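The values are calculated or read from the model by the stated rules, or taken from the named source; none is laboratory data. Note that this is a predicted model, so its numbers are computed, not measured. Because the Cβ atoms are built from the backbone with ideal geometry, glycine has one as well, and the counts that use them run over all protein chains shown.
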Amino acid sequence: MLVVLGLNHNSAPVTVRERMAIKKDEMEGLYKKFLAENSVQELFLVSTCNRVEYYFVIKNYLCDKCDIHSPICDKCEILNIVAQNCQLAVEDLSKYTYFASGKEAVTHLFAVASGLDSLVLGEPQIFGQIKDAFEISKENQGMGGFLNRLFEFTLKTAKKVRTVTGISENPVSVSYAAVELAKKIFSDLSLAKAMVIGAGEMCELAARHLVGSNIGSIIVTNRTFEKALNLAEEFSGDAVTFDRFAQKLPEVDIIISSTGSPDFVVTAEMIREAMKKRPSRPMFFIDIAVPRDIDPKGAEIENTYIYDIDDLKSVVEANKKEREKEAKKAWDIVHNAAYAFDEQMESLKITPVIKNMRSYFEEKRNEELQKYCEKFKITDEKEIEHLNYLLTATLNKILHKPFMNLKEHATDNGKYSITEVMDIIFKK
Amino acid sequence: MISYISLIFYMIAFVHIMLFLLWGNRNVRNLFNIFMGIGLLFNIADMALRYFNTGAAPTSTLYDVMNMVCISFGITYFILYAKYRRPLVGLFISPFMVAASLVAICFPPNVSPSYPVVDSIWRYVHLPFIVLGTTFLVAAFIASLMYLIQEAQLKKKNFGFIFQRFPALDTIANINDTSLQIGFYFFTIGSALGFVWMLQNNLEEILSSAKIIFSILTWFLYAVLMILKKRRPMTPRQTAQWTVIGFILILVTYVGVANFMLR
């Protein structure tokens with residue numbers, strides 16, 4: 001059975017998440033430690049900036065009262081081990097973590113991989129992180145038959161969510177929305193040049209998105225030239241002094257501004273002058289400063305587009321709503337996939353049962369054949385072979401239908417009484 | 001019969017591009033291209049079969065001319081698609097193809113008797129160029145409308161599904177420029193060949209034809225636009241506006257010339 005013990009941005013503050021986070025170099029040791037435990041059959045660990053999750057495949061799960069099966073059940077044993085590992089009291093760990101088992105745990109994993117449990121709904125990075133986590137588990141011998149099947153199902157489900165729903169289509173951060181809007185003006189950002197005015201956090205984030213979208217080149221300007229230089233270096237761009245940025249305006253296509261200036265940094269006049277030198281090429285201004293840096297009157301000039309923080313926020317809000325709508329479709333896919341996985345795993349359980357039954361019947365067939373031959377003193381090998389053929393054929397005929405019925409109803413757990421089960425199995 | 005098949009494929013293609021506009025599904029977009037391609041192949045097959053079976057040239061009857069117009073629209077679409085990979089131009093081109101196919105079907109494909117004046121090789125060579133030049137002008141008109149719509153949405157900060165599906169502004173502007181340029185080349189070649197044909201025949205009789213006046217007007221518009229663009233860089237909006245105005249002007253003049261002047 002699959003159980004998950006984890007914590008994320010909803011269940012634990014960053015201080016606890018930091019403590020629970022598993023570093024890359026700790027992975028190998030942890031896998032060895034956990035897999036050495038009797039209760040753990042398979043294991044995989046996920047550790048990202050917003051979540052830490054331990055997925056265990058265990059044999060016996062008999063909580064909430066541990067006194068039925070053993071003094072301590074597998075769940076409590078796992079809690080103890082993890083708490084010990086994180087140097088936390090079990091009570092503290094329980095306070096910040098969530099625990100799920102069986103189908104619920106499978107559903108949770110599918111939802112996580114699809115970005116449904118992420119801080120930013122539908123963010124795509126988690127898919128890669130889960131894939132990497134499975135790979136690490138494979139390297140550390142944490143994967144067995146169950147997790148291998150689960151891995152395939154997880155990838156399939158997350159891919160389906162991304163292709164069938166539009167959950168990750170619309171950007172939900174201001175800077176990302178700005179870059180996506182820029183793509184609606186310049187189809188190929190690698191041919192475009194951007195200027196970042198300011199060197200604060202917002203500018204850095206916007207520059208990061210631009211570079212991530214393969215922008216042609218970046219110019220950074222800031223009142224403190226050193227900061228501009230540092231930011232430009234980080235993104236392999238150029239830095240210009242603040243008093244010279246207006247001269248550079250005609251060269252750039254996208255301008256992102258976020259300074260603390262109380263007045264307009266880019267005036268309508270500056271835009272008009274720049275556009276005179278590039279009338280056929282549009283200019284896209286993104287103003288994420290409050291108070292605004294770019295004179296909105298500039299938008300009246302042909303071929304210029306100015307978006308301020310409110311415009312972008314309204315885009316983001318609309319996109320968030322769109323994602324929430326898409327999330328409903330995604331949850332349906334996740335639930336269906338968890339159901340299908342459960343069905344497959346249940347149907348697989350019947351295989352060893354059928355195998356055992358068949359070997360029992362074959363054993364009995366051999367015993368009876370031997371008894372019969374001894375009783376009637378049959379020694380002729382040809383005759384024995386014929387008798388064996390007859391018995392085997394009869395046995396196959398008798399067992400075929402019940403085994404087929406058994407396979408067909410293998411996943412109908414707890415639906416029928418014993419009498420009904422017998423009736424179903426021996427139904428013609 | 002074949003023309004019915006191609007009409008059906010164009011109609012299915014149009015439905016698919018409408019679905020793409022609404023849903024944005026890539027598979028639907030690919031299906032649109034497939035259906036357009038199949039329709040176009042049937043159209044070409046029809047024209048070839050008619051030529052081999054009856055000797056009818058692409059200019060023999062209205063049926064044949066409309067078939068050629070359809071093929072020309074198809075070629076225009078696929079040239080632009082190959083360059084820009086933006087199928088939405090097809091949203092506006094496919095209705096033209098459906099309309100041309102319908103007109104073709106409405107007129108039975110009988111081979112008209114050949115007249116000495118039209119039996120020149122120059123006519124057969126010049127007309128496809130003129131038709132291609134015209135369909136590229138239609139494509140430029142479509143791209144111009146798309147540009148003006150998308151630009152207005154960007155200025156008004158209106159981000160509906162049309163905004164999402166339409167290509168980036170610079171791509172639409174490039175589609176417009178490319179259509180104008182290719183169209184101008186085709187039209188110039190077509191007009192030059194037509195001029196040679198005209199010199200061989202009765203100049204006065206041909207000059208009184210609405211089609212000729214239409215051709216001269218279209219070429220003139222193309223030339224003005226190209227000269228204007230060369231002399232001083234026009235903004236994409238200005239190019240789009242001039243293309244739309246020019247196209248409407250040609251249509252109005254053509255209707256006027258065809259209905260009143262040549263009565």
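If a residue must be part of a helix (DSSP H, G or I) and either out of contact with any helix residue (DSSP H, G or I) (no Cβ under 7 Å at 6 or more places or on another chain) or aliphatic (A, V, I, L, M) (or both), how many such residues does the stretch A:107-126 contain?
Qualifying residue count, the stretch A:107-126: 7.
Answer yes or no as to whether A:Glu346 is loosely packed, with under 15 Cβ neighbours inside 10 Å, more than 26 Å from A:Phe153 (Cα to Cα), in contact (Cβ under 8 Å) with a residue 24 or more places away in the chain and charged (D, E, K, R).
Criteria not met by A:Glu346.
Taking the stretch B:211-253 on its own, how many of its residues are under 19 Å from the mean Cα position of the chain (by Cα) and within 13 Å of another protein chain (Cβ to nearest Cβ)?
The total comes to 3.
Would you check which residues across the stretch A:245-293 are in a strand (DSSP E or B) and of a type in the set (Ser, Thr, Tyr) and list them?
A:Ser257
Kindly establish whether B:Ile34 is surrounded by fewer than 16 Cβ atoms within 10 Å (Cβ to Cβ), part of a helix (DSSP H, G or I), within 20 Å of the chain's Cα centre (by Cα) and on the phi < 0 side of the Ramachandran plot.
yes
Anything in the stretch A:179-198 that is aliphatic (A, V, I, L, M) and closer than 15 Å to A:Ile256 by Cα? List them, or say none.
If the condition is that a residue be aliphatic (A, V, I, L, M) and closer than 15 Å to A:Ile256 by Cα, then A:Val179, A:Leu181, A:Ala182, A:Ile185, A:Leu189, A:Ala192, A:Ala194, A:Met195, A:Val196, A:Ile197 are the ones that fit.
What number of residues in the stretch B:128-153 are surrounded by fewer than 19 Cβ atoms within 10 Å (Cβ to Cβ) and facing chain A (nearest Cβ under 10 Å)?
Matching residues across the stretch B:128-153 total 1.
Can you go through B:Ile175, B:Ile182, B:Ile189 and tell me which one is within 17 Å of the chain's Cα centre (by Cα), among the β-branched types (Val, Ile, Thr) and within 14 Å of chain A (Cβ to nearest Cβ)?
B:Ile175
Which of (1) closer than 30 Å to A:Val106 by Cβ; (2) away from every other protein chain (no Cβ under 14 Å); (3) not β-branched (Val, Ile, Thr) is the odd one out, the single condition A:Arg292 does not satisfy?
A:Arg292 satisfies all of (1) closer than 30 Å to A:Val106 by Cβ; (2) away from every other protein chain (no Cβ under 14 Å); (3) not β-branched (Val, Ile, Thr) except (1).
Can you report the number of residues in the stretch A:251-281 which are touching a helix residue (DSSP H, G or I) at 6+ places or on another chain (Cβ under 6 Å) and either closer than 24 Å to A:Ile215 by Cβ or within 12 Å of chain B (Cβ to nearest Cβ) (or both)?
Matching residues across the stretch A:251-281 total 8.
Does the stretch A:303-313 contain any residue that is surrounded by fewer than 14 Cβ atoms within 10 Å (Cβ to Cβ) and within 14 Å of chain B (Cβ to nearest Cβ)?
Yes, because at least one residue in the stretch A:303-313 is surrounded by fewer than 14 Cβ atoms within 10 Å (Cβ to Cβ) and within 14 Å of chain B (Cβ to nearest Cβ).
Out of the helices (runs of 4 or more DSSP H) lying entirely within the stretch B:147-234, which hold 1 or more residues that are outside the structural domain of B:Met18 (by TED's automatic domain parsing), of a type in the set (S, T, N, Q) and in contact with a helix residue (DSSP H, G or I) (Cβ under 9 Å, 6 or more places away or on another chain)?
Counting at least 1 such residues, we get B:169-200, B:210-231.
Out of curiosity, is A:Ile333 away from chain B (no Cβ under 14 Å) and surrounded by 13 or more Cβ atoms within 10 Å (Cβ to Cβ)?
yes
Would you mind stating whether A:Glu374 is surrounded by fewer than 11 Cβ atoms within 10 Å (Cβ to Cβ) and assigned to a helix (DSSP H, G or I)?
yes
Against the definition (outside any strand (DSSP E or B) and under 30 Å from the mean Cα position of the chain (by Cα)), how does A:Lys321 come out, yes or no?
Against the criterion (outside any strand (DSSP E or B) and under 30 Å from the mean Cα position of the chain (by Cα)), A:Lys321 qualifies.
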